[in-house]
Each structure stands twice: as structure tokens, then as C-alpha cells.
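Visitor: The structure is given below, and queries will be raised subsequently.
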Amino acid sequence: MKELTRVASTKDIRPGESVAVEVGGSRIAVFNIDGLFYAIGDTCSHQGGPLSQGKVQDGIVTCPWHGAQFDIRTGNVLKPPAPTGVASYKVVIEGDEIKIEV
């Protein structure tokens with residue numbers, strides 16, 4: 001059964017920024033895109049680069065290690081060298097708390 005886990009406050013992640021959090025043994029990148037929050041696996045499927053440290057533009061994050069690109073809304077891979085997408089997590093905002101369903 002999935003459970004909501006608080007990972008941050010909305011004021012902790014400004015628009016255009018992201019953070020990495022650990023929930024249930026998984027590293028998850030949380031992005032703020034114009035006040036909307038998204039969460040995907042933080043580890044690039046190519047060689048493990050930290051997606052939370054990648055450049056974000058138009059809802060796409062570019063892995064800082066080798067340039068693979070992922071859709072931050074779905075986790076789908078959009079550009080190699082990553083062979084597969086990453087997990088996508090439901091984000092729930094309660095008051096000023098950001099919670100992720102895992």
C-alpha cells in the first residue's frame with residue numbers, strides 16, 4: 001500500500017529549483033516548475049547521475065553527467081544515452097508541506 005511521506009516545505013524549493021530527498025531507500029528529485037511540484041527518481045538510468053543537479057528547461061531535466069534528458073512530469077527518457085525512464089511519483093501539497101506517494 002502506498003503512503004504519503006512529507007519531504008519538504010513549499011518554501012524550501014523556489015520556482016526553477018530542485019532538491020534530492022531520500023524516501024524508503026530511494027533517492028527522489030523534487031522539482032518546482034512555476035509553483036507546481038513534480039517528483040521523479042533522482043538517479044539517471046545511464047550511469048547514475050544526479051538528476052536533481054541537472055539543468056531544467058521547459059519541463060525537461062538534463063542529466064549533468066552525460067546529457068540524457070527526462071520529462072519531469074512522467075520520468076520518461078527523451079534523449080539518450082539513458083536507456084530507460086525513471087520512476088515518477090505522485091506529489092500532494094497539504095498546506096505548505098510537499099508530500100510524495102511511495
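Visitor: Could you grab the relative contact order for region 4-101? Cα pairs under 8 Å, six or more apart, rounded to a whole percent.
Guide: Averaging sequence separation for qualifying contacts and normalising by length gives 27 percent for region 4-101.
Visitor: Calculate the spin-label point distance for GLU17 paired with ASP34, positioning each point 7 Å from the Cα along the beta-carbon direction, and give it in nanometres.
Guide: 2.0
Visitor: Would you grab the residues whose amide H sits under 5 Å from the one on VAL23? Only those 5+ places off in sequence or on another chain, please, with H modelled 1.01 Å from N.
Guide: Residues meeting the amide H criterion: ILE28.
Visitor: What is the set of long-range amide H partners of LEU78 at a cut-off below 5 Å, with H atoms built 1.01 Å from backbone N?
Guide: Sorted by chain and number, the residues that satisfy this are GLN69, PHE70, ASP71.
Visitor: For region 4-101, give the magnitude of the charge dipole about the Cα centre (Cβ charges: +1 Lys/Arg, -1 Asp/Glu; no others), in debye to the nearest 20.
Guide: It comes to approximately 200 debye.
Visitor: Pop out the ³J(HN,Hα) list for region 32-39 in order, Karplus 6.51 cos²θ - 1.76 cosθ + 1.60 with θ = phi - 60°, rounded to Hz; leave Gly and Pro as x.
Guide: With the stated coefficients, region 32-39 comes to 10, 10, 6, x, 9, 10, 9, 9 Hz.
Visitor: Mind checking which lysines have their C-alpha under 29 Å from LYS2, skipping anything on the same chain fewer than 8 residues away?
Guide: Counting by Cα, and skipping residues close in sequence, LYS2 has these lysines nearby: LYS11, LYS90, LYS99.
Visitor: Ok, one more. Using only alpha carbon positions, build the gyration tensor of the chain, then give the equivalent ellipsoid semi-axes as the square roots of 5 times its eigenvalues, largest first, whole angstrom.
Guide: 22, 15, 11
FYI, it's all coordinate maths here, none of it is from the lab. Only a predicted model underlies this, so the values are computations on that prediction, with no experimental measurement involved. In this analysis, Cβ positions are derived from the backbone assuming ideal geometry, glycine residues included, and neighbour counts consider all displayed protein chains.
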